[in-house]
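Step one of this worksheet: look at the structure below.
None of the figures in this text is laboratory data; all of them are computed from the coordinates on show. A quick note: this is a predicted structure, and the numbers were derived from the prediction, not measured. We place every Cβ from the backbone using ideal geometry, glycine too, and count neighbours over all the protein chains shown.
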Amino acid sequence: MKPDSNLKLVGELRDLQIVDVTGRRCGIVDDVELVGRAGARLRLKALLVGPGTYLNRLPRWISMLLAPVLPRRIVRVPWTGVKRITAVVELKQAAAAYGLARYEASLEGWLSRIPGARS
């Protein structure tokens, strides 16, 4: 499927694994950002990734309980950065170009110092 094809957003896009151009897994599509207005055609503007998206998907009372402890970080991956969609969402560039896998990259340096952590 190509990015300009028709999609069923919830069934075909949300919760798909995101893979960058190097094949690195770098997140999951948590939500989408649309652009348009009432009566006009809606267009997909960005994929939203990160724990900050969860607060809007949860019931309000749960959201209020989790808000103080849940990170609010949301990464917006522009729709133009999507190469294609198969069983995963493939990106045109490396994860860092979109601000994805930031925490994982910082942990890799720390974890690599643990004996036996790398094979």
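Mind listing just one residue for me: the one in region 47-80 that is farther than 15 Å from Gln17 by Cα and among the small types (Gly, Ala, Ser) and, of those, nearest to the chain's Cα centre (by Cα)? If we take residues in region 47-80 being farther than 15 Å from Gln17 by Cα and among the small types (Gly, Ala, Ser), then Gly52 is nearest to the chain's Cα centre (by Cα). Of all residues in region 19-41, those satisfying the criterion of being touching a residue at least 12 places away in the same chain (Cβ under 8 Å) and outside any strand (DSSP E or B) are Asp20, Val21, Thr22, Arg24, Val29, Asp30. Being in contact with a helix residue (DSSP H, G or I) (Cβ under 6 Å, 6 or more places away or on another chain) and not in a loop (DSSP other than H, G, I, E, B) holds for only one residue in Leu55, Leu65, and it is Leu55.
If you go through region 16-74 and pick out every residue that is out of contact with any Ser or Thr (no Cβ under 7 Å at 6 or more places or on another chain) and over 21 Å from Ala87 (Cα atoms), you end up with 32. Ala87 meets each of the listed conditions (1) in a strand (DSSP E or B); (2) surrounded by fewer than 17 Cβ atoms within 10 Å (Cβ to Cβ); (3) touching a residue at least 40 places away in the same chain (Cβ under 8 Å) apart from (1).
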